[in-house]
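For reference, the structure discussed in these notes is given below.
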Amino acid sequence: MPKKRIYLDYAATTPVDKRVMKAMTPYFSEKFGNPSSVHIFGQEASKAVEKAREKIAVFFNCSPTEIIFTSGATESNNLAIKGAVKKFYTEPKNKGIKPRLITDSIEHSCVLNTCRSLEKEGLAEVVYIAPNKEGIIQIKDIAAAINENTLLVSIMYVNNEIGTIQPIATIGKFLEKENANRKRKILFHTDATQAVNYLDCDVEKLGVDLLSLSGHKIYGPKGVGALYVKKGTLLTRIQDGGEQERKMRAGTHNVPAIVGLGKALELVMKEKSKIAIKTEKLRDYLIARVLKEIPQSYLNGSAKKRIPNNANFRFDNVEGEGLLLSLDLEGIAVSTGSACASRSLEPSHVLLALGLKHEQAHGSLRLTLGKTTTRKEIDLVVNKLKVIIERLRKISGDVLKSFQ
Amino acid sequence: MQYSKEVLDHFTHPRNQGKIKNASSVAIVGNPRCGDIIRVYIKVGKNKKGEEIIQKTGFETLGCGAAIATSSMMTEMAKGKTLEEALKITNQNVVKKLGGLPSSKLHCSNLAADALRKAIKKYKDEKEKNKKVN
């Protein structure tokens, strides 16, 4: 009999909730119309898209007209940042000025690489703020990076690797004050991809102008996301084509996925508080057991300012890919920041930004819990982890000592 | 990571793992930065023809699945070979015996034969030095 598989990689992706799937199903072959079509088929699809938009607006406490559907968080982040920069260059008053973007060094690659590509093309100057050792961005560093050409600040709500929660609402308030005395208003964008499941995402409270989210991290489908764009925020579209999404995002609507995203958010809203409490308890149990029972084990990132489902450990004298592989052979799915598990052969930029040495980053392991994770599963994983780490440490001997 | 059956077998059941007592030579390759470090132990003896052979091997490896599997396979391949034969073992030979490695692993995690050659050369150099002293 094949082993029962345990999935502890919910920050990578989540399964589509059955209720979400059910809501989506009619929109594949039955109500298949193109929302841009005028006839009844089109109207049916358009109605579904607008209904989903309303649900999303309720979740973020914004107007439905402030939601733009995209293909996912990567596209949302691209649109937010590149769209703002593109708009900047269309305004005559900005002639001869290069805008400054402020972000941080532990963003997801879709934000970092968007910024890098703008830098490379000579379209923006970018300041990358380093977090403190706990993985938290300090407002004073944002304040110090602001100059008169600053166009946008982009700080993720929750880090995808170490799960640290950034002080978005406080940054929002700070920028609001700052903007009161400025000619050029600074836009505030946050990538909320990892936050939606557990945290308050009221855009009024957060004080953001732009917020990105993704469907597949919240038990919705892959290939769909959205960008909240506060009314009056100046953006230029980055993809040309039809007039969908108030000309901000060309391309036929992915109707079933949009319906799924709406349903997924509706469920999150209903069940969030209960799931958050249960998940955090389980996660704390996992952390406590690992740190207590596995020698030379450490938690990466702040223990307190942390999303309820994330645990990110490092273990001395163990390499993460070997660890991941051993767990995978036992049917347990996790992830690591080790270079050996990445195509780039570079260890996690997030762990290095915390000040960890390469060999420490190589020995890291991320376990992210989901809404169906049980205590029994956690127990099983910790028990296996203990045995595996002991075995790998035996194999590695004390070779690291030769380099110290 | 898509590993061959052979790689997984050597990863889960590494051969000749651990230090060996009275090793004739020990060598270490790799560095903590890239994540893979291999230490190889060899014990040199003589065959019936009086040629020097690798009698025993051992290894300690900190690294990914591929690094552990290549270390294990290398120690198997080297055992019983004369020093001259063993010097001819290349990283490529080791990978071939394992039924291949994912392309991203071919470079950094494939150092086992380098470690073996380093250990043999060290052994030979020591011997040469001792000769001169005597």
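The values are calculated or read from the model by the stated rules, or taken from the named source; none is laboratory data. In this text the structure is predicted, and so the values were computed from the model without any measurement. When we count neighbours, we look across all protein chains shown, and the Cβ atoms used for this are built from the backbone with ideal geometry, even at glycine.
Could we say that A:G251 is modelled with pLDDT of 95 or more, assigned to a loop (DSSP other than H, G, I, E, B), over 19 Å from the mean Cα position of the chain (by Cα) and among the small types (G, A, S) here? So A:G251 passes the test. Residues in segment B:70-92 that are out of contact with any helix residue (DSSP H, G or I) (no Cβ under 7 Å at 6 or more places or on another chain) and surrounded by fewer than 23 Cβ atoms within 10 Å (Cβ to Cβ): B:E76, B:K79, B:G80, B:K81, B:T82, B:E84, B:E85, B:K88, B:Q92. With respect to the conditions (1) within 14 Å of chain A (Cβ to nearest Cβ); (2) of a type in the set (S, T, Y); (3) touching a residue at least 24 places away in the same chain (Cβ under 8 Å), B:S25 falls short on a single one, namely (1).
Conditions first: (1) touching a helix residue (DSSP H, G or I) at 6+ places or on another chain (Cβ under 7 Å); (2) in contact (Cβ under 8 Å) with a residue 40 or more places away in the chain. B:A67 passes all but one, so which condition is the exception? It is condition (1) that B:A67 fails.
Going by the conditions given, is A:N181 surrounded by fewer than 16 Cβ atoms within 10 Å (Cβ to Cβ), assigned by TED's automatic domain parsing to the domain that holds A:R53 and modelled with pLDDT under 95? Here the answer is yes, as A:N181 does meet what is asked.
May I ask you to verify whether A:K31 is in contact with an Asp or Glu (Cβ under 9 Å, 6 or more places away or on another chain) and of a type in the set (K, R)?
Yes: the conditions hold for A:K31.
If you filter segment A:369-385 down to residues that are among the hydroxyl-bearing types (S, T, Y) and surrounded by fewer than 17 Cβ atoms within 10 Å (Cβ to Cβ), you find that the one that is nearest to the chain's Cα centre (by Cα) is A:T372.
Conditions tested, residue by residue: (1) closer than 23 Å to A:T164 by Cβ; (2) among the aliphatic types (A, V, I, L, M); (3) not assigned by TED's automatic domain parsing to the domain that holds A:G72.
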{"site": "A:A192", "(1), (2), (3)": "yes, yes, no"}
{"site": "A:N197", "(1), (2), (3)": "yes, no, no"}
{"site": "A:L211", "(1), (2), (3)": "yes, yes, no"}
{"site": "A:N254", "(1), (2), (3)": "no, no, no"}
{"site": "A:L261", "(1), (2), (3)": "no, yes, no"}
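Of the residues making up segment B:28-60, those that are within 14 Å of chain A (Cβ to nearest Cβ) and surrounded by fewer than 18 Cβ atoms within 10 Å (Cβ to Cβ) are B:I28, B:N31, B:R33. Would you check if A:L352 is without any contact (Cβ under 8 Å) to a residue 60 or more places away in the chain, in the same structural domain as A:I277 (by TED's automatic domain parsing) and under 20 Å from the mean Cα position of the chain (by Cα)? Answer is yes for this residue. Selection of segment A:302-331 for residues being of a type in the set (A, V, I, L, M, F, W, C) and more than 10 Å from chain B (Cβ to nearest Cβ) yields A:A303, A:I307, A:A311, A:F313, A:F315, A:L327.
Conditions (1) more than 16 Å from A:A11 (Cβ to Cβ); (2) assigned to a helix (DSSP H, G or I); (3) assigned by TED's automatic domain parsing to the domain that holds A:I218; (4) out of contact with any Lys or Arg (no Cβ under 7 Å at 6 or more places or on another chain), marked per residue:
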position	(1), (2), (3), (4)
A:I258	yes, yes, yes, yes
A:Y298	yes, no, no, no
A:R314	yes, no, no, yes
A:L325	yes, yes, no, yes
A:D328	yes, yes, no, yes
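Being of a type in the set (S, T, Y), away from chain B (no Cβ under 14 Å) and either in a helix (DSSP H, G or I) or more than 19 Å from A:C201 (Cα to Cα) (or both) is a property that does not hold for A:T233. Within segment A:206-221, the presence of at least one residue that is small (G, A, S), at pLDDT 95 or above and in a strand (DSSP E or B) is confirmed.
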